[in-house]
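The values are calculated or read from the model by the stated rules, or taken from the named source; none is laboratory data. This one's a predicted model, so the numbers in the text were calculated from it and none came from an experiment. Positions of Cβ are backbone-derived with ideal geometry, glycine not excepted, and every protein chain shown enters the neighbour counts. Side chains are part of the model used for accessible areas, which takes the heavy atoms of the whole protein and leaves out ligands, DNA and RNA. Shrake-Rupley method; radii C 1.70, N 1.55, O 1.52, S 1.80 Å.
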Amino acid sequence: MTTTAKPLIGRSGMNAVTWLLLALAAVCVVLAVAVPLQQLTERGADVPVTLSGPAADRAGEALRLPGLPAGTAVTSTAEELRLSVEELPAGLRLLSQASTSLVFLSVGAGAWFLAMVLRSIRAGHPFDRRNPGRLIGVACALVLGGVVAPIVANAGANAVLDHLDLLDPGGPFALVIVNLEFSGLFFAAVVLAFAEAFRRGSTLADDVEGLV
């Protein structure tokens, strides 16, 4: 007596998810290009900042920091403080949005590679020899969005602060180089484990096919 395992997602459902991922990839690529171009139409930009010294102890009063240059202001969001500057050179305006573009690119690349994996599974070839490489692409996208993008955001913020001479010792803002988000590294490691499992599965499938 033989039994057939019922798939978790049917062919129609997997097809819908695949096309949604492909659409997401296309939208993210467009946004990755559009965001910096849109920023060029503005005269200024805003960047994330971190307070240091006495200013950090008065975080609740951050919106009233003394000594800020004309045309600048510190605003508070739910997650961070941001320095808004009314006028910046074009290069700094582009740099201020570089991390956002990287995040969109990482989401787009991850969605594309994952869609390719799902398409091969839907076609009945889960251990396609290209799937391990595609999963490695997903892992790289996670590192790009979760690790590289925040570093680029810090670099952009530091460049703007230096342009405004706000990185002097004893000033209210801290120079932040690396602010690692370990969640991105963790999920990338999980995906790499799946990539290795798929690689071994494809090798086993080839061995079995050779015995038939």
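Just a yes or no: is a residue in the range 135-147 assigned to a helix (DSSP H, G or I), touching a residue at least 12 places away in the same chain (Cβ under 8 Å), within 26 Å of Leu68 (Cβ to Cβ) and not aliphatic (A, V, I, L, M)?
No, that holds for no residue.
Taking the residues in the range 41-74 that are of a type in the set (Gly, Ala, Ser), at pLDDT below 70 and open to solvent by 50 Å² or more (accessible area, probe 1.4 Å) as candidates, determine which candidate is nearest to Asp165 (Cα to Cα).
Ala59
Scan the range 75-111 for residues that are surrounded by fewer than 21 Cβ atoms within 10 Å (Cβ to Cβ) and either basic (Lys, Arg) or in contact with a Lys or Arg (Cβ under 9 Å, 6 or more places away or on another chain) (or both) and report the count.
Of the residues in that region, 5 qualify.
For the range 176-198, give me the residue count where each residue is at pLDDT 80 or above and either basic (Lys, Arg) or not in a helix (DSSP H, G or I) (or both).
Within the range 176-198, residues that are at pLDDT 80 or above and either basic (Lys, Arg) or not in a helix (DSSP H, G or I) (or both) number 1.
Return the residues of the range 159-175 that are surrounded by fewer than 19 Cβ atoms within 10 Å (Cβ to Cβ) and part of a helix (DSSP H, G or I); say none if nothing qualifies.
Ala159, Asp162, His163
Which one of these does Arg129 not meet: (1) open to solvent by less than 60 Å² (accessible area, probe 1.4 Å); (2) under 30 Å from Ala16 (Cβ atoms); (3) in contact with a helix residue (DSSP H, G or I) (Cβ under 7 Å, 6 or more places away or on another chain); (4) not in a helix (DSSP H, G or I)?
It is condition (1) that Arg129 fails.
Return the total of residues in the range 135-158 being open to solvent by less than 30 Å² (accessible area, probe 1.4 Å) and either in contact with a helix residue (DSSP H, G or I) (Cβ under 7 Å, 6 or more places away or on another chain) or more than 25 Å from Ala32 (Cβ to Cβ) (or both).
11
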